[in-house]
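As structure tokens, the structure follows; a few thoughts come after it.
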Amino acid sequence: MSKIKPISKLNILTKAASASSSPSLSGSGAEYSEQVLVEPKKKTQRISGIDQDELQDPMDLADPDSCFCEFNGVQLHHKVCDAEVLAPNTLEEASSLQFPHSTKRVNVPMILLHGFGASVFSWNRVMKPLAQVIGSKVLAFDRPAFGLTSRVNSVVHSSPVNQDNRPLNPYSMMFSVLATLYFIDFLEAEKAILVGHSAGSLVAVDAYFEAPERVAALILVAPAILAPFTAHKVVKEKEDGRDNQIQESSLDSNNRENIFLRFSSLLSKLTKYVAGAIVHLVKGMGEMINTLYQKALSAILRSALGVTVVRMIIDKFGIPAIRNAWNDSNKVSDHILQGYTKPLKVKGWDKALVEFTVAMLTDSASKLKPPLAERLSKISCPVLIVTGDSDRLVPPWNSERLSRAIPGSYLEIIKNCGHLPQEEKADKFVSIVENFLQRVFGLAEEARLQAVT
């Protein structure tokens, strides 16, 4: 009597595989095998025309002149243009603007700060001409969440090491401010001219207030800074004086007894105390509710739903917003669109944009300082404000009010120009900067004296 061999699951799978590949079969097994192995093709997802299935590391997308340096754990992408090392043909190209005093050196480097949704690309038309104007280095860098600067996990990166040492949130305003000051040291300079465009103007101004001795001048281009409204000061009456008037009126009209007056005064003080306690209680509750609201909003934004919403917004409004930033949208070429959408190829761009939004909504450092509108009058360095007369994102009248709020500032309005003067009217923009530097650094007078001598 023969023994029955146990059949293992491996034996069954082996026989099934050999049977399906056997040439003696009718072919149905091979066809079935092919049907199982071939997976259905996934639909390619695209955001603003950029394939999201093949995202890359920032360094893999770098240009030949791209540079990276580490600051507080973040790889900052930047570009530097140095007037001393420009090739002769590059100098001839930059000098085509024909600046009368461009040979006179300012000897102060310049740092360019881009706006929301932009990158160093937005400065590519003016970096070389500006380097020739100042005769020094011009540096532009990508703020975290934008361009080719590395995307980091802010929750991990900003987690406290201990109670007294908490790393900065890389997506916070303070991080961008300190990165700006870091690049002044990077350029081995004592001071630098800060040029901020749109939201980058906020970084420039905050950097000035953080270290005014490091800023030689401020150039604010289409500044996204809410200018203060002119308001009459209201002098509040002293409560004690009003109480005295009430008491005197009561004595004159009703001839109340002294004890009643004391009781009224005591009651008034008690009412003020209770009212003050209620105000503090309501304020505390408001801050608590605001904190809870911020935490809830942060949780929603960081969820899969929040990231999906951000992707949908960029997909629907990204390219239209670029076109809307120009006075003449017909001049927005494919090259420009590619430059602005290139960061959408970076791994984690969507989550980084969410973290940037959360950081702006929950920025506790800025709440500890007086409102910016109240500090503008304290700016003492030279300031130039440049705006386009057709700016649909930051209206020119806001820049006019801002110039009145900053003592001694210069205002230049470029005709037939939108939100991007440095791109749409590059020649005019560089010329305005040249004239401003002549005035504040006395270049025109020095050049004239040298010519006479």
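The values are calculated or read from the model by the stated rules, or taken from the named source; none is laboratory data. What you are looking at is a predicted structure, and each value in this text was computed from that prediction instead of being measured. All Cβ positions, even for glycine, are placed from backbone atoms using ideal geometry, and neighbour counts span all protein chains on display. Heads up: the accessible areas ignore ligands, DNA and RNA and are worked out on the full protein's heavy atoms, side chains in. Shrake-Rupley method; radii C 1.70, N 1.55, O 1.52, S 1.80 Å.
Report, by residue number, each residue of region 316-353 that is open to solvent by 60 Å² or more (accessible area, probe 1.4 Å), of a type in the set (D, E, K, R) and out of contact with any Lys or Arg (no Cβ under 8 Å at 6 or more places or on another chain).
Passing the criteria: Lys316, Arg323, Lys331, Asp334, Lys345.
Give just the number: which of (1) touching a residue at least 60 places away in the same chain (Cβ under 8 Å); (2) open to solvent by 20 Å² or more (accessible area, probe 1.4 Å) does Pro396 not satisfy?
(1)
Return the residues of region 315-342 that are in contact with a Ser or Thr (Cβ under 6 Å, 6 or more places away or on another chain), in a helix (DSSP H, G or I) and not acidic (Asp, Glu); say none if nothing qualifies.
Gly318, Ile319, Arg323, Thr341
Scanning for something of a type in the set (Ser, Thr, Tyr), within 18 Å of Ala216 (Cα to Cα), touching a residue at least 24 places away in the same chain (Cβ under 8 Å) and open to solvent by 30 Å² or more (accessible area, probe 1.4 Å), does region 404-419 turn up at least one residue?
yes
Collect the residues in region 123-148 that are under 15 Å from Lys342 (Cβ atoms), among the aromatic types (Phe, Trp, Tyr) and out of contact with any Ser or Thr (no Cβ under 6 Å at 6 or more places or on another chain), keeping them in residue-number order.
Trp123
Report, by residue number, each residue of region 354-371 that is among the aliphatic types (A, V, I, L, M) and open to solvent by 20 Å² or more (accessible area, probe 1.4 Å).
Of everything in region 354-371, those that are among the aliphatic types (A, V, I, L, M) and open to solvent by 20 Å² or more (accessible area, probe 1.4 Å) turn out to be Met360, Leu361, Ala365, Leu368.
Mind checking whether some residue in region 103-123 is open to solvent by 40 Å² or more (accessible area, probe 1.4 Å), over 20 Å from Pro223 (Cα atoms) and at pLDDT 95 or above?
no
Are there any pairs with C-beta distances below 9 angstrom linking a residue in region 321-332 that is in contact (Cβ under 8 Å) with a residue 12 or more places away in the chain and farther than 13 Å from Ser390 by Cβ to a residue that is of a type in the set (Val, Ile, Thr) and surrounded by 15 or more Cβ atoms within 10 Å (Cβ to Cβ), with the two at least 6 apart or on different chains, and if so which?
Ile322/Val332; Ile322/Ile336; Ile322/Thr341
Restricting to region 417-453, give me the number of residues that are in contact with a Lys or Arg (Cβ under 8 Å, 6 or more places away or on another chain) and at pLDDT 95 or above.
Going through region 417-453 one residue at a time, the tally reaches 8.
Are any residues in region 360-398 at pLDDT below 90 and among the hydrophobic types (A, V, I, L, M, F, W, C), and if so, which ones?
Once the filter is applied, which keeps residues that are at pLDDT below 90 and among the hydrophobic types (A, V, I, L, M, F, W, C), region 360-398 yields Met360, Leu361, Ala365, Leu368, Leu372, Ala373.
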